[in-house]
1. Name the single residue, out of those in the range 20-50 being small (Gly, Ala, Ser) and under 30 Å from ILE87 (Cα atoms), that is modelled with the lowest pLDDT.
2. Inside the range 54-82, can you point out the residues that are modelled with pLDDT of 85 or more and of a type in the set (Ser, Thr, Tyr)?
3. Restricting the search to the range 57-71, which residues are part of a helix (DSSP H, G or I) and among the charged types (D, E, K, R)?
4. Find the residue count for the range 35-56, including only residues that are closer than 18 Å to PHE75 by Cα and in a loop (DSSP other than H, G, I, E, B).
5. Please pick out the residue among PHE85, PHE32 that is in a loop (DSSP other than H, G, I, E, B) and open to solvent by 100 Å² or more (accessible area, probe 1.4 Å).
6. Among residues belonging to the range 73-82 that are of a type outside the set (Phe, Trp, Tyr) and open to solvent by 100 Å² or more (accessible area, probe 1.4 Å), point out the one that is nearest to GLU40 (Cα to Cα).
7. Just need a number here: residues in the range 50-70 that are open to solvent by 80 Å² or more (accessible area, probe 1.4 Å) and either of a type outside the set (D, E, K, R) or in contact (Cβ under 8 Å) with a residue 12 or more places away in the chain (or both).
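The values are calculated or read from the model by the stated rules, or taken from the named source; none is laboratory data. The structure displayed is predicted, hence computed values, not measured ones. Positions of Cβ are backbone-derived with ideal geometry, glycine not excepted, and every protein chain shown enters the neighbour counts. Just the protein is used for accessible areas: all its heavy atoms, side chains included, with ligands, DNA and RNA removed. Shrake-Rupley method; radii C 1.70, N 1.55, O 1.52, S 1.80 Å.
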Amino acid sequence: TLERHVQSLSANALKRIVQLEKKMFRARKRSFEADMRKIEKIKRRLFPGDSLQERIENFLPYYAAHGDLFIEQIFEASGIFEQHFCIISERE
């Protein structure tokens, strides 16, 4: 009788481990999906219409708000010969 009891406990423990693995997988999947939504939101903001932001938005509102400093910031951050993106943010 002790052998059957140990086998029963072992089966229950294995069953609970499988349930825990499934629960952990679902939690990781939800976390991954949330991260992907955040990344997609940032991508839509930086690349509106799947194009470069500067091809969609007009620079005049930024120039009106910041004047020549805006042009200087863009020039300093541009890295003329470098092939990478640069993010310039407004400070509030």
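1. Step one: filter the range 20-50 for residues small (Gly, Ala, Ser), giving 27, 31, 34, 49.
Okay, now just the ones that are also under 30 Å from ILE87 (Cα atoms), so 31, 34, 49.
On the way: SER31: 97, ALA34: 97, GLY49: 86.
The qualifying residue modelled with the lowest pLDDT is GLY49.
2. Matches in the range 54-82: TYR62, TYR63.
3. Residues of the range 57-71 part of a helix (DSSP H, G or I): 60-66, 68-71.
Scanning the range 57-71 gives a single hit, ASP68.
4. Quick first cut of the range 35-56, residues closer than 18 Å to PHE75 by Cα only: 52-55.
Narrowing further to those that are in a loop (DSSP other than H, G, I, E, B): 52.
Adding up the residues that qualify gives 1.
5. Working: PHE32 fails: in a loop (DSSP other than H, G, I, E, B).
Exactly one of PHE85, PHE32 is in a loop (DSSP other than H, G, I, E, B) and open to solvent by 100 Å² or more (accessible area, probe 1.4 Å), namely PHE85.
6. Taking the range 73-82 and keeping what is of a type outside the set (Phe, Trp, Tyr), we get 73-74, 76-80, 82.
Now restrict to residues that are open to solvent by 100 Å² or more (accessible area, probe 1.4 Å): 76, 80, 82.
On the way: GLU76: 28, ILE80: 28, GLU82: 25 Å.
Only one residue tops the list, namely GLU82.
7. 8
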